[in-house]
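First the structure, in the form of structure tokens, and then the observations on it.
The values are calculated or read from the model by the stated rules, or taken from the named source; none is laboratory data. As the structure is a prediction and not an experimental result, all values here were calculated from the model. Methodologically, a virtual Cβ is constructed for each residue, glycine included, from the backbone with ideal geometry; neighbour enumeration extends over all protein chains shown. Accessible surface is based on the protein model in full, side chains and every heavy atom, while ligands, DNA and RNA are left aside. Shrake-Rupley method; radii C 1.70, N 1.55, O 1.52, S 1.80 Å.
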Amino acid sequence: RAGPPRRVARGARAMAPPDDEEPEVEVAAVAAPARRRRGAVELHPRPLLDPELPRLLEERGFPGSHARSIWEHLLEHPLCTDVAEVPSLPKALLPWLSEHFTTSTASVKRRMASQDGTTKLLISLQDGVEVEAVVINHGGDGEFSSVSRPRMKPGATLCLSSQAGCRMGCKFCATGTLGLIRSLHAGEILEQLRLARTVRPDIRKIVFMGMGEPLENFDAVTSVARLLTSEQVLFRLGGRPVTLSTVAPTPNCITRLVDAGLAGSTRLAVSLHAPTQELREQIVPSARVMPLPKLMDEIDAFGRAASKVSKRAREEGVLIEYCMLKGVNDSAECAHQLGELLHPRRDMVYVNVIPFNPVFGLPYEAPSEDVVWEFVRLLGTHGVKGHARRQLANDIAAACGQLAKTEVTRQVDSVFAAQADVEDVAGAASPTAAAVAAAAAAAAAHLDEAL
């Protein structure tokens, strides 16, 4: 039975070889080279889909309302390449817009379709950095559940990336093997929606569950969330359309969302994954700086704030994400521990059990369907509601925890897996395991394209 991998000693940098010592990996498909860039790059030109555009227009003496006209046109015409095509813009504005902005700074480099209707997009940004976005198809099918839940209406949900790579180092996640490359600008996040609309015009929901830790890119993510929730009609989204998923990397990060006024308009999903502090630290290394009691207090504060805003926010509550790993956190004891932890807040949380999605080279397996059913049932004995998420898009490595922007190469080059600040936020996996994981996902995607 698989167990948590060996913890790396504090101070170790197992995934960051010196620049002149690049490891050779005996596989045919490797991850695209990923080097750490720390801060976000400057974009020139900037994307027109930028939450700051109204302010920048006003600084130039033009009405900020022109931004809405531009956005409406770009969303209605996602293939537009010239801002001059936007109707009703003053001619005096066009030279400045053309010099400093562009209709798109990103492009789709590769598109992969799953048998279940999900589509994964590999998106190339202005500086050549790549991220993945996933358009999730849902047709109203149900899940394993401890309560009666209405089926989701047919349509599509867009899973956005907020960073290229991630430095949280969650042991079961392929994205963590990339390390942090850089955070995305708000406009780069919004452009993922425009590009995805060329695949599925019926996107109605947005989830920040792609690559990266959203709250490590707080300003960009919250500005996008605020715009999407305040302009639902413009962006053709449903009610309460945005869900923000976080591992809660630092104390008070969730409190900051409340202070930013997002508790009522944005649904919170917390990547918990374990019922105790000790186990959580083993599989979510960043948990070392966020004690479980403190995390529960912040969840409670968010839930209370959301419940004051609307009945829907109160009914939906806070989503608790729990990636279930065979032999690690799937036991009856874990179920009871989780039930006891969440029982005091049972009216404001809902548990989303996620059977592990395979990442080749990582020492985990998904539990059986019976084990998943029993876990959800045991939560119900504590009055805690929950369900098990259906596994989607495994055939294109687009499921939860599988995003790693892989590519297939004819010759083995090298693997750069620069895990950022290993000793501060994450115990690193071995370079070989990371390379093999990326290789397997890339090979699977390549095979799907070939077929």
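Do you know which of the residues in the stretch 277-287 that are in contact with a helix residue (DSSP H, G or I) (Cβ under 6 Å, 6 or more places away or on another chain) and free of Cβ contacts under 8 Å to residues at least 60 places away in the same chain is nearest to residue 356 (Cα to Cα)? Checked the stretch 277-287; the qualifying residue nearest to residue 356 (Cα to Cα) is 280.
From the list 190, 227, pick out the single residue that is out of contact with any Leu (no Cβ under 7 Å at 6 or more places or on another chain) and in a helix (DSSP H, G or I).
On the way: 190 fails: out of contact with any Leu (no Cβ under 7 Å at 6 or more places or on another chain).
None of the other options fit; the residue is 227.
Take the stretch 100-143 and flag every residue that is open to solvent by 50 Å² or more (accessible area, probe 1.4 Å), assigned to a strand (DSSP E or B) and at pLDDT below 85. The one that is open to solvent by 50 Å² or more (accessible area, probe 1.4 Å), assigned to a strand (DSSP E or B) and at pLDDT below 85: 113. Residues that are within 22 Å of residue 42 (Cα to Cα), at pLDDT below 95 and open to solvent by 10 Å² or more (accessible area, probe 1.4 Å) occur at least once in the stretch 165-176.
Within the stretch 186-206, the set of residues being β-branched (Val, Ile, Thr) and open to solvent by 20 Å² or more (accessible area, probe 1.4 Å) comprises 198, 199.
Residues of the stretch 201-237 that are touching a residue at least 40 places away in the same chain (Cβ under 8 Å) and over 15 Å from the mean Cα position of the chain (by Cα): 202, 203, 204, 223, 226, 227, 231, 234, 235, 236.
Of all residues being acidic (Asp, Glu) and under 25 Å from residue 131 (Cα atoms) in the stretch 73-99, which is least open to solvent (accessible area, probe 1.4 Å)? Just the residue, please.
If we filter the stretch 73-99 for residues that are acidic (Asp, Glu), which is where we start, we get 76, 82, 85, 99.
If we keep only those that are under 25 Å from residue 131 (Cα atoms) as well, we get 76, 82.
Numbers: 76: 107, 82: 68 Å².
Ranking the qualifying residues of the stretch 73-99, first place goes to 82.
Listed by position, the helices (runs of 4 or more DSSP H) contained in the stretch 271-353 that have at least 2 residues being open to solvent by less than 10 Å² (accessible area, probe 1.4 Å) and out of contact with any strand residue (DSSP E or B) (no Cβ under 6 Å at 6 or more places or on another chain) are 277-283, 292-307, 332-342. The single residue among 361, 383 that is at positive phi and at pLDDT below 90 turns out to be 361.
Give the residues of the stretch 207-247 that are under 11 Å from residue 157 (Cβ atoms), crowded, with 22+ Cβ neighbours inside 10 Å and at pLDDT 95 or above, sorted by residue number.
The first filter runs over the stretch 207-247 and keeps only residues under 11 Å from residue 157 (Cβ atoms), leaving 207, 209, 237-238, 241-243.
Still in the running and crowded, with 22+ Cβ neighbours inside 10 Å: 209, 241-242.
Once the filter is applied, which keeps residues that are under 11 Å from residue 157 (Cβ atoms), crowded, with 22+ Cβ neighbours inside 10 Å and at pLDDT 95 or above, the stretch 207-247 yields only 242.
Taking (1) over 24 Å from residue 110 (Cβ atoms); (2) within 13 Å of the chain's Cα centre (by Cα); (3) of a type in the set (A, V, I, L, M, F, W, C) in turn, residue 254 satisfies each apart from (2). In the stretch 61-77, the residues that are in contact (Cβ under 8 Å) with a residue 60 or more places away in the chain reach residues that are part of a loop (DSSP other than H, G, I, E, B) and among the small types (Gly, Ala, Ser) with C-beta atoms within less than 9 angstrom, at least six apart or across chains, in these pairs: 74/104.
Within the option set 20, 82, being more than 30 Å from residue 323 (Cα to Cα), modelled with pLDDT under 50 and charged (D, E, K, R) holds for one residue only, 20.
Search the stretch 305-321 for residues being among the β-branched types (Val, Ile, Thr) and touching a helix residue (DSSP H, G or I) at 6+ places or on another chain (Cβ under 8 Å), and hand back the single one that is nearest to residue 256 (Cα to Cα).
At the first step, the residues of the stretch 305-321 found to be among the β-branched types (Val, Ile, Thr) are 309, 318, 320.
Those left that are additionally touching a helix residue (DSSP H, G or I) at 6+ places or on another chain (Cβ under 8 Å): 318, 320.
On the way: 318: 16, 320: 19 Å.
The qualifying residue nearest to residue 256 (Cα to Cα) is 318.
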